[in-house]
Amino acid sequence: MYAPAGVKTSTDYPIPDAMKAWVLGDPGQLSLREKPVPVPKKAEVLVRIDAVAICATDLEIIYHGPPALIRGGLPHNKHFTPGHEYMGTVVALGPGVDEYRIGQRVTVEIHAGCGQCKRCREGMYTACHNYGLNYGEVDKGHRANGFTTDGGFCEYQVNNINTLVAIPDTMSDEEATLVVTAGTAMYGLTELGGLVAGESVVVTGPGPIGLLGVAVAKALGAQPVILTGTRDNRLAIGRKLGADHVVNVRSEDAVAAVRRLNGGKGVDYVLECSGAPNAVNEAVRMVNRGGKICLAAFPHQETPVDIAEIVRNNIYVYGIRGEGKSATHRAEAFMSQGRFEATKIHTHTFPLEDLPTAIRYAKDRIEDAIKVVVKARGVSAVHKVAAE
Ligand SMILES: [Zn+2]
Ligand SMILES: [Zn+2]
């Protein structure tokens, strides 16, 4: 039975020594293996994973490798378990941990920086200078579960207390997996200017981050919030999440439409979530002079950018790789207050054993899948839920 020295456990939550974990082999190949249940160290807890959502970045990692960085290189064939958008129950406490209690439901953010570099000391732990240095003689203790350390496509994982967000019992497991996605959108808006009440925002690309970007911008009081994309069904969900206007860029020029919808003027902020080849150049033409653009998507190719337009118009451009600056906590506050219904982007749930099927649904957008969740318990083999 699991009883590591210095680790607090409870008979209410018996922990086995071994667990089921999906392991990445060659690109695109996952196999279900047995791994030892990990042991929390100082400032860490053991989380029993109750639900984990599949993110587009998981697909990048599983099929291509980056941005995962395992022992200084690609994540394939290293006994690595991907998955980063998970939630669960605290079942064991590392030495000295009293910030959380056993039995507490939590969701997680990804990045636990090293805590000692310049950026971590500034609170920018997502830009830790010791990213991925958690092995061998240069072990700096950095963790980004599912990127540089084992992630959530398994039954238990160790998390630094700084990556935990307590959630209320009224929040479902599935909704809790979406907190980090909303947190990423929140961080994007934080970088753009924090409070945006009364300011105009365009979100380009109605993927999960874009759709929750709309919801968070609206909850922050932005006006108007305009969503652009290519699929009407996704744009319709954007409307339900608070978009004042939606633009299908297949039927209308996006820049012209944005200017028309904002009284002939450019907007204050663009949150770019599409990764489309011309997205930056279009964003530059959507913002007003002195406006700000946040890039939150990974494009697949290098593209020329009209720098002169950026320079002439004093435009600020920011890149973000995910959540940060405790934005996940602020997103959770919106969600637990019911300020928007994040579950509108959750479309399917599968058991953990069916992860390859779940990944196929997410990757090929089968049945208009947006957010696909897997659960280690409580889901029958054929059960899946489509959102309303
Ligand atoms: Zn993600
Ligand atoms: Zn650091």
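Can you tell me which residues in the stretch 37-81 are within 16 Å of ligand 2 (Cβ to nearest atom) and open to solvent by 50 Å² or more (accessible area, probe 1.4 Å)?
Looking only at the stretch 37-81, we keep the residues that are within 16 Å of ligand 2 (Cβ to nearest atom), and these are 43, 69.
Within the stretch 37-81, just L69 meets the criteria.
Sort out which residues of the stretch 271-307 are open to solvent by 50 Å² or more (accessible area, probe 1.4 Å) and hydrophobic (A, V, I, L, M, F, W, C), and write them in order of number.
F298, V305, I307
In the stretch 1-107, which strands (runs of 3 or more DSSP E) lie fully inside it and hold 2 or more residues that are more than 21 Å from T163 (Cβ to Cβ) and over 21 Å from the mean Cα position of the chain (by Cα)?
18-24, 30-36
Keeping to the stretch 214-228, report how many residues are within 17 Å of V287 (Cα to Cα) and out of contact with any Asp or Glu (no Cβ under 8 Å at 6 or more places or on another chain). Break it down into steps so the answer makes sense when it comes.
At the first step, the residues of the stretch 214-228 found to be within 17 Å of V287 (Cα to Cα) are 214, 217, 222-228.
Now drop any that are not out of contact with any Asp or Glu (no Cβ under 8 Å at 6 or more places or on another chain), which leaves 214, 217, 227-228.
Residues meeting the conditions: 4.
I want to confirm something. Restricting to the stretch 326-362 and keeping residues that are within 14 Å of the chain's Cα centre (by Cα) and more than 17 Å from P168 (Cα to Cα), which single residue is surrounded by the fewest Cβ atoms within 10 Å (Cβ to Cβ)?
By that ranking, first place goes to S326.
Among the residues of the stretch 351-362, which ones are in contact with a Phe, Trp or Tyr (Cβ under 8 Å, 6 or more places away or on another chain) and closer than 15 Å to T57 by Cα?
Residues of the stretch 351-362 that are in contact with a Phe, Trp or Tyr (Cβ under 8 Å, 6 or more places away or on another chain), as a first pass: 352, 355, 357-358, 361.
Answer for the stretch 351-362, where residues must be in contact with a Phe, Trp or Tyr (Cβ under 8 Å, 6 or more places away or on another chain) and closer than 15 Å to T57 by Cα: A358, Y361.
Identify all residues within the stretch 250-270 that are open to solvent by less than 30 Å² (accessible area, probe 1.4 Å) and part of a loop (DSSP other than H, G, I, E, B); write none if there are none.
N262, G266
Go over the candidates Y100, Y125 one by one and state the one that is farther than 26 Å from D364 by Cα, of a type in the set (F, W, Y) and buried (at least 21 other Cβ atoms within 10 Å of the Cβ).
From the options Y100, Y125, the qualifying one is Y125.
The values are calculated or read from the model by the stated rules, or taken from the named source; none is laboratory data. Keep in mind that this is a model prediction, so the values were computed, not measured. Positions of Cβ are generated from backbone atoms using ideal geometry, with glycine treated the same way; all protein chains shown enter the neighbour counts. Quick note on the areas: whole protein, heavy atoms, side chains included, nothing else; ligands and nucleic acids left out. Shrake-Rupley method; radii C 1.70, N 1.55, O 1.52, S 1.80 Å.
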